[in-house]
1. How about segment 26-43: which of its residues are in contact with a strand residue (DSSP E or B) (Cβ under 6 Å, 6 or more places away or on another chain) and more than 20 Å from residue 10 (Cβ to Cβ)?
2. Given the criteria more than 29 Å from the chain's Cα centre (by Cα), in contact (Cβ under 8 Å) with a residue 12 or more places away in the chain and surrounded by fewer than 10 Cβ atoms within 10 Å (Cβ to Cβ), does residue 31 qualify?
3. Among the numbered conditions (1) more than 30 Å from residue 60 (Cβ to Cβ); (2) exposed (fewer than 11 other Cβ atoms within 10 Å of the Cβ), tell me where residue 72 comes up short.
4. Which one is surrounded by the fewest Cβ atoms within 10 Å (Cβ to Cβ), of the residues in segment 143-154 that are in contact with a helix residue (DSSP H, G or I) (Cβ under 9 Å, 6 or more places away or on another chain) and farther than 16 Å from residue 107 by Cβ?
């Protein structure tokens, strides 16, 4: 029968994240080392000098305490954090690369498609100007058309992200993959990017030569 050992509570702290960034904060109990039987222990120290001097001082202190103790795995906190965050950094880099590719596709695609559309419709736009259309109306029609083409694509992409949120949870930290605010912001940013990329063709539609409509 195990007899409970009385302990004295000396302080209470919040939940700790000692299992990595991907694991939720858990409960932990701190007890004196004299009450714990362990063959391996980690010591964290902050020295007043440089790292090399601190490590040497720790080695000397351990040797005076017990010459049999073996010191291994000596590292700085910065190196430990760098190693622990290697995989998250790689995932973030992958997301950044894919994001830049997506931004390039949206920008170049919107500009190229709408530029070709304006070129093909120059005579039509000139005729509309002849019959009283305002240049701003022509530019607005080009912007409206790219919006009609972009909105269904954005909706389809958001639906795909929503359905694949389980795969994306490993790539994000501190935010939910199905966060409505994040998804709405991403969709709005893509739509704004497509509109901005369409501004040059829209301006060209507003400046179309009216003589093309007359000659036609």
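Here, each number is a calculation from the coordinates, and none is a lab measurement. This structure is a prediction, so every number in the text was calculated from the model and none was measured. FYI the Cβ positions are ideal-geometry reconstructions off the backbone, even for glycines, and counts take in every protein chain you see.
1. none
2. It is true that residue 31 is more than 29 Å from the chain's Cα centre (by Cα), in contact (Cβ under 8 Å) with a residue 12 or more places away in the chain and surrounded by fewer than 10 Cβ atoms within 10 Å (Cβ to Cβ).
3. Only one criterion in (1) more than 30 Å from residue 60 (Cβ to Cβ); (2) exposed (fewer than 11 other Cβ atoms within 10 Å of the Cβ) is unmet by residue 72, namely (1).
4. Looking at the filtered set, the residue picked out is 151.
Here is a yes/no grid of residues against (1) part of a helix (DSSP H, G or I); (2) free of Cβ contacts under 8 Å to residues at least 40 places away in the same chain; (3) under 30 Å from residue 12 (Cβ atoms):
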residue	(1), (2), (3)
45	no, yes, yes
49	no, yes, no
57	yes, yes, no
67	no, yes, no
71	no, yes, no
